[in-house]
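**Student:** The following block contains the structure, expressed as structure tokens.
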Amino acid sequence: MKANIEERACDLAVYIIDNNATVRSAARQFGVSKSTVHKDLSERLVHYNQSLYRQVSEVIAKNKAERHIRGGEATRRKYAMKR
């Protein structure tokens, strides 16, 4: 079980780094919850692979800084469809 979690955490990190993906899209892709992805990447990965952890942390920080923009675009599209 432990090797499985380690492998999943590394696979999630590689997916997010390669695709510049969000936690939500990674969760959807791997069929796990957002909470699982976040826990794997923020708490578990640091113990398994430091370099992957640093890289994925940068992508997650960038996504977090830009999330208000993505949210605004989604709202704009939602209300444009209602007209």
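What follows is calculated from the coordinates using simple rules that are stated; it is not laboratory data. None of the values given here were measured: they were computed from a predicted structure. Please note: Cβ atoms are built from the backbone with ideal geometry, for glycine as well, and neighbour counts cover all protein chains shown.
**Student:** Can you pull the three principal axis extents for the Cα set of segment 2-82, in Å, largest first?
**Tutor:** 48, 23, 19
**Student:** Applying the Karplus parametrisation 6.51 cos²θ - 1.76 cosθ + 1.60 with θ = phi - 60° to the phi angles of segment 61-71, what ³J(HN,Hα) value in whole Hz is obtained for each residue in order, glycine and proline being reported as x?
**Tutor:** 5, 5, 5, 5, 5, 9, 5, 5, 6, 4, x
**Student:** Next question, about the same structure. Kindly write out, for segment 15-31 in residue order, the coupling ³J(HN,Hα) from the Karplus curve 6.51 cos²θ - 1.76 cosθ + 1.60 (θ = phi - 60°), rounded to whole Hz, with x marking Gly and Pro.
**Tutor:** For segment 15-31, the Karplus curve yields 4, 5, 5, 5, 9, 6, 7, 8, 4, 4, 5, 5, 4, 4, 5, 9, x Hz.
**Student:** Can you give the calculated 222 nm mean residue ellipticity of the chain, where each DSSP H run of n ≥ 4 adds -39,500 (n - 2.57) and the sum is split over every residue, rounded to the nearest 500 deg cm²/dmol?
**Tutor:** -26500 deg cm²/dmol
**Student:** Enumerate lysine pairs in the chain that are 8 or more residues apart or on different chains, then count those whose Cα atoms are under 25 Å apart.
**Tutor:** Lysine pairs meeting both conditions in the chain amount to 9.
**Student:** May I pose another question? With label points built 7 Å along Cα→Cβ from the Cα atoms of ALA65 and MET81, find their separation and express it in nm.
**Tutor:** 3.1 nm
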